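Just below is one structure, and these are the notes that go with it.
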Amino acid sequence: MTTPPPAGPGAPAGSQASLRLSRLLKRPVTDRGGGSLGRLADVIVRLRGADYPLVTGLVAAVGGREIFVPIDQVSSFDGDPLRLSSARLSLRHFERRDGEVLLRADVLGHRLIDVPNARLVRAADLELVREDPEWIVAGVDIRPRRMFGLRPPETRGARDWHDFEWLIGHEGSALLRGPFARIRRLKPAQIADLLESASAEEETEILGRVRADPELEADVFEELDEDLAARLLGARTDFEIAEVLARMRADDAADAIAELPQQRRQPVLDLLPPGPRQKVLMLMGFASASAGGLMGVDFIALPGMVTVRGALARVRESPLLQPEALTSVHAVDEDGCLCGVARLVTLIQGDPDAALIEVCDTDPVRVGADTDITEVAVLMTDYNLITIPVVDDRRRLLGVITVDDVLEIALPPDWRRREAAPRQLPP
């Protein structure tokens with residue numbers, strides 16, 4: 001027997017016994033009199049959303065064919081051999097039903113999402129726990145076996161099944177797996193990292209769940225490597241691509257369209273709503289290696305005589321703007337020309353009744369749309385800027401570059417494919 005996983009939220013209580021799937025497979029199956037019938041080939045479970053998967057039956061290899069054995073016909077599930085309680089056994093070939101998951105075929109040796117550590121791992125073993133009178137899947141062991149023999153069971157710890165999101169790959173069970181709630185604990189950049197290390201089948205399954213939340217899907221595409229984003233978008237229809245791009249930041253959407261095949265760009269642009277389409281078209285007019293190609297066009301610009309209180313209210317009323325872009329408020333005149341920039345901390349610390357222009361830096365560091373991105377990075381570093389405004393020859397405000405965009409440009413081209421350091425879980 002092995003020790004059940006530590007009790008956590010929803011962990012099974014009062015467990016009487018546990019065993020490893022690897023030690024259960026290939027055990028002999030006998031009738032109630034002890035006569036040999038065959039060997040255990042797989043264990044069948046039913047997924048139950050937030051509950052632990054329930055063992056519902058076995059697949060036994062009998063006379064060269066696989067047959068179904070209901071769990072209630074097994075008198076000794078954890079014995080060796082596995083003894084059946086029924087004298088009669090259907091020899092009809094086993095056929096999987098929708099919602100049934102085979103632990104050996106679907107899970108053991110396959111990759112899962114380790115949600116607390118935001119990485120893809122392989123299920124080296126599974127732990128089954130008895131909750132009288134039923135058996136459930138309670139734990140996953142992700143540590144590989146030694147090449148020459150198994151480590152003793154007591155040296156291999158299983159983690160709670162609920163720490164993982166399953167990439168089972170069986171379409172019939174997809175609807176019974178419940179919402180992809182666990183993966184939604186991850187940040188979009190973490191999901192993007194998962195996709196960049198996933199197989200084609202894993203990509204399909206992860207994206208299929210992420211698409212249930214269109215805003216999250218758009219955030220994930222913003223974080224993806226450009227080549228991967230172009231491949232994943234290119235597999236969709238023009239309408240589906242436009243749906244994703246309409247929710248992305250305009251600068252990221254413009255980059256994504258530029259990566260599409262030439263013949264698909266205009267049809268996708270035509271399907272965008274008027275507002276996003278106008279922003280994307282403007283950004284596509286700038287060179288990608290310039291400040292204009294790097295800037296975002298979603299920012300806060302207000303008349304200089306608006307009060308500090310009014311400026312802060314506008315910040316509160318702009319939850320859909322990129323958070324980095326909300327760290328500064330821009331004062332403009334009636335022609336849209338930049339008059340000054342106020343940092344958010346200055347507004348918070350200032351007199352609420354003062355005019356915005358009174359707390360602004362009226363000669364802010366700024367760049368033209370054709371400024372080289374290296375020069376932009378140097379300016380932001382020299383002046384410790386989180387954002388820098390982009391203006392035209394008449395000082396009209398065109399957009400804002402945020403520090404995260406500059407960092408992405410400054411890092412090596414293959415930074416997304418780095419080997420991430422493993423996260424250490426707290427004790």
Compute the helix-to-body angle for 274-284: its Cα long axis versus the longest principal axis of the chain, expressed 0 to 90° and rounded to tens.
80
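Given a Förster distance of 35 Å, report the FRET efficiency between residue 281 and residue 313 from their Cβ-Cβ distance, rounded to the nearest 0.05.
Numbers: r = 31 Å, r/R0 = 0.90.
The calculated FRET efficiency here is 0.65.
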Gyration tensor verdict on the chain (Cα atoms; rounded if a/c is under 1.5, prolate if a/b is larger than b/c, oblate otherwise):
prolate
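Just to confirm a number: summing +1 for Lys and Arg and -1 for Asp and Glu over residues other than residue 28 whose beta-carbon lies under 12 angstrom from that of residue 28, what do you get?
Numbers: positive: 26, 27, 39, 83; negative: 31, 80.
Every neighbour counted, the sum reads +2.
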Do you know the relative contact order of region 276-374, to the nearest whole percent, from alpha carbon pairs under 8 angstrom that are 6+ apart?
34
Mind checking the full-extension length gain between residue 228 and residue 386? Use 0.36 nm per residue of separation minus the Cα-Cα distance, one decimal, nm.
54.0 nm
Could you calculate the contour length gain from residue 363 to residue 93, that is, 0.36 nm times the residue separation minus the distance between their Cα atoms, to one decimal place in nm?
89.2 nm
Taking region 215-272, which trypsin sites (Lys or Arg not before Pro) meet the DSSP loop condition and have no more than 16 other C-beta atoms within 10 Å?
236
Along region 307-317, Karplus-curve 3J(HN,Hα) (6.51, -1.76, 1.60; θ = phi - 60°) to the nearest Hz, with x for Gly and Pro, reads 6, 4, 4, x, 5, 5, 4, 5, 4, 5, 8
What list of ³J(HN,Hα) couplings, whole Hz, do you get for region 51-66 from phi and the Karplus terms 6.51, -1.76, 1.60, once you set θ to phi - 60° and write x for glycine and proline?
7, 6, x, 9, 6, 10, x, 10, 10, 10, 8, 10, x, x, 10, 9
So the angle from the long Cα axis of helix 200-210 to the longest Cα principal axis of the chain, reported in degrees to the nearest 10, equals 70
Give me the dipole magnitude in Debye, nearest 20, for the chain about the Cα centre, with unit charges on the beta carbon: positive for Lys and Arg, negative for Asp and Glu.
2660
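Considering only protein heavy atoms, with the full assembly of protein chains and a 1.4 angstrom probe, order 305, 248 by accessible area, largest first. Each step should come with its number before you reach the end.
Details: 305 145, 248 20 Å².
Accessible-area ranking of 305, 248, largest first: 305, 248.
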Once you place label points 7 Å from the Cα toward the Cβ at residue 215 and residue 354, how far apart are they in nm?
3.4
Tell me the accessible surface of residue 383 in square angstrom (1.4 angstrom probe, heavy atoms of protein chains only), to the nearest ten.
130
Which far-off residues, 5 or more places away or on another chain, put their amide H under 5 Å from the one on residue 122, with H placed in the peptide plane?
112
Determine the order of 378, 115 by accessible area, beginning with the largest, at a probe radius of 1.4 Å.
378, 115
Search the structure for amide H atoms under 5 Å from the amide H of residue 396, placed 1.01 Å from N in the peptide plane, and list their residues when 5 or more places away or on another chain.
338
Given the whole protein assembly as supplied and a 1.4 Å probe, what does the accessible area of residue 396 come to in Å², nearest 10?
90
Solvent exposure of the chain as accessible area per residue, Å², 1.4 Å probe
51
With +1 on the Cβ of every Lys and Arg and -1 on the Cβ of every Asp and Glu, the dipole magnitude of region 301-409 about its Cα centre, in debye rounded to the nearest 20, is 380
Would you be so kind as to identify which of 129, 59, 112 lies farthest towards the positive end of the dipole of region 57-131, taking Lys and Arg as +1 and Asp and Glu as -1 on Cβ and the Cα centre as origin?
59
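So what is the calculated 222 nm ellipticity per residue for the chain, using -39500 (n - 2.57) for each DSSP H run with n of 4 or more, over all residues, to the nearest 500 deg cm²/dmol?
Details: 14 runs with 119 residues, N = 427.
Value at 222 nm, helices only, nearest 500: -7500 deg cm²/dmol.
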Check residue 331: other-chain or 5+ apart residues with amide H under 5 Å from its amide H, H built from backbone geometry?
302, 339, 340, 341, 342
Can you compute 3J(HN,Hα) from phi for each residue in region 370-386, using the Karplus curve 6.51 cos²θ - 1.76 cosθ + 1.60 with θ = phi - 60°, rounded to whole Hz and x for Gly and Pro?
9, 5, 5, 5, 5, 5, 4, 4, 5, 4, 5, 6, 4, 9, 6, 9, 8
What does DSSP give for the chain in terms of the percent of beta bridges that are antiparallel, rounded to the nearest 5?
90
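Of all the stretches in the chain, which is the longest one without any exposed loop site, taking GluC sites (Glu not before Pro) in a DSSP loop (any state but H, G, I, E, B) with at most 12 other Cβ atoms within 10 Å?
Numbers: sites that count: 95, 317, 334, 419.
Longest site-free region, per DSSP loop and neighbour criteria: 96-316.
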For residue 259, project a label point 7 Å along Cα to C-beta. Then give me every residue of region 233-248 with its amide nitrogen under 11 Å of that point.
233-234
Exposure ranking of 162, 93, 110 by accessible area [1.4 Å probe, largest first]
93, 110, 162
Please determine, in degrees from 0 to 90 and to the nearest 10, the orientation of helix 262-271 with respect to the longest principal axis defined by the Cα atoms of the chain, where the helix direction is its Cα long axis.
80
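The values are calculated or read from the model by the stated rules, or taken from the named source; none is laboratory data. Computed from a prediction, not measured in an experiment: that's the story for all the values here. Virtual Cβ from ideal backbone geometry, glycine too; neighbours counted across all protein chains shown. Protein only, heavy atoms only, side chains kept; ligands, DNA and RNA dropped before computing areas. Shrake-Rupley method; radii C 1.70, N 1.55, O 1.52, S 1.80 Å.
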